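The structure under discussion appears below in the form of structure tokens.
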Amino acid sequence: MTRTRIAVLASGSGSNLQAILDHLAARSQARHGDVVLVASNRPDAGALTRADRAGITRVVLQSPHAPNGVDLAAALAEHRAELVALAGYMRLVPPDVTAAYRGRMLNVHPALLPDFGGPGMYGPRVHRAVLEAGAALSGPSVHFVDEVYDHGALIAQWPVPVLPLDDEHALAARVLRAEHLLYPRVVDAVASGEIRLGDDGRVVRARFPHARLSVMDPSLSDASLAAELDLQLNRPS
Ligand code: GRF
């Protein structure tokens, strides 16, 4: 089986990148993709260090932080990327690239889109907005990327409880924990072709029967949450 060649774009610490690398390694022969490129617009991004540790090719993309960086489209072409996963990538992807990767570019957003999304809604601001709105639930949204920020077709959302004593840090940590379990599973399923974007713009899913998963129980261990998630995600449509 030829595995899908995955590129991961990240601007920050790369904990989602790490979760993807760890999940694919754990799935071993059953995995459907391999990360072949890590790219960042920040020369100092932790994600690049994680790529080095994993022995994966990494590039710095041309940006105000890196005037001598490489062009995104050229880097994706040179490394024959077949699927692109945005993992905390803080720059808008140029429309020619989102068009070229229609149905082959994913993003994870740390809130339940379409709420609390769009330009400027990233990092602690998202969780502050959720708390200020008095929402009872938040959680990661994984979606296909199109030319409008945080707007592409939703693949999976995992609601996470907002607790009475939450501040933005506690909520961010709970959502990030859910991201680390959900995103790698979605990336692998899209890499397998079991989830794809139909010509009509709707998600075609042989797995992940419903975009909205049952609410996470944060008292469970990661292993129990992963087992529960796998049961939900692998139920045939
Ligand atoms: C995550 O919260 C993700 O939802 C958002 O950016 C953050 C990335 O964190 N898109 P990391 O760099 O993967 O640790």
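The values are calculated or read from the model by the stated rules, or taken from the named source; none is laboratory data. Note that the structure is a prediction, hence the values are computed from the model and not measured. For neighbour counting, all protein chains shown are included, and Cβ atoms are generated from backbone atoms with ideal geometry for every residue, glycine included. These area figures cover heavy atoms from the full protein model, side chains too; ligands, DNA and RNA do not enter into them. Shrake-Rupley method; radii C 1.70, N 1.55, O 1.52, S 1.80 Å.
Residue under question is Leu92, and the condition is that it be open to solvent by less than 10 Å² (accessible area, probe 1.4 Å) and not hydroxyl-bearing (Ser, Thr, Tyr); does it hold? No. Across region 208-230, the number of residues qualifying as open to solvent by 40 Å² or more (accessible area, probe 1.4 Å) and under 28 Å from Val148 (Cα atoms) comes to 4. As a summary of the residue check, Val126 satisfies the conditions (1) open to solvent by 10 Å² or more (accessible area, probe 1.4 Å); (2) in a helix (DSSP H, G or I); (3) not assigned by TED's automatic domain parsing to the domain that holds Gly12 except for the one numbered (1). The set of residues in region 117-151 that are within 12 Å of the chain's Cα centre (by Cα) and on the phi > 0 side of the Ramachandran plot contains only Asp150.
Under the condition of being within 14 Å of the ligand (Cβ to nearest atom) and either modelled with pLDDT of 95 or more or on the phi > 0 side of the Ramachandran plot (or both), the residues counted in region 90-116 number 10. Working only within region 12-28, note down all residues that are in contact with a strand residue (DSSP E or B) (Cβ under 7 Å, 6 or more places away or on another chain) and near the ligand (Cβ under 7 Å from one of its atoms). If the condition is that a residue be in contact with a strand residue (DSSP E or B) (Cβ under 7 Å, 6 or more places away or on another chain) and near the ligand (Cβ under 7 Å from one of its atoms), then Asn16, Leu17 are the ones that fit.
For every residue, the table says whether it meets (1) hydrophobic (A, V, I, L, M, F, W, C); (2) free of Cβ contacts under 8 Å to residues at least 60 places away in the same chain.
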| residue | (1), (2) |
| --- | --- |
| Ser13 | no, no |
| Ala19 | yes, no |
| His32 | no, no |
| Ala51 | yes, yes |
| Glu82 | no, no |
| Leu92 | yes, yes |
| Pro95 | no, yes |
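Residue pairs whose Cβ atoms lie under 9 Å apart, sitting 6 or more positions apart in sequence or on different chains, and linking a residue in region 131-144 that is among the small types (Gly, Ala, Ser) to a partner that is open to solvent by 60 Å² or more (accessible area, probe 1.4 Å), are Ala133/Asp115; Ala135/Asp115; Ser138/Asp115; Gly139/Val215; Ser141/Pro114. The condition of being more than 12 Å from the ligand (Cβ to nearest atom), in contact with a Phe, Trp or Tyr (Cβ under 6 Å, 6 or more places away or on another chain) and open to solvent by less than 40 Å² (accessible area, probe 1.4 Å) holds for only one of Gly139, Gly152, Gly120, that being Gly152. Just one of the numbered conditions (1) at pLDDT below 95; (2) buried (at least 18 other Cβ atoms within 10 Å of the Cβ); (3) basic (Lys, Arg) is not true of Arg185: (1).
Summed over region 95-116, the residues that are surrounded by fewer than 19 Cβ atoms within 10 Å (Cβ to Cβ) and closer than 30 Å to Ala170 by Cβ give a count of 2. So, Asp71, is that one open to solvent by 50 Å² or more (accessible area, probe 1.4 Å) and within 23 Å of Ser141 (Cα to Cα) or not? Against the criterion (open to solvent by 50 Å² or more (accessible area, probe 1.4 Å) and within 23 Å of Ser141 (Cα to Cα)), Asp71 does not qualify. Among the residues here, Arg5 qualifies as at negative phi and in contact (Cβ under 8 Å) with a residue 60 or more places away in the chain.
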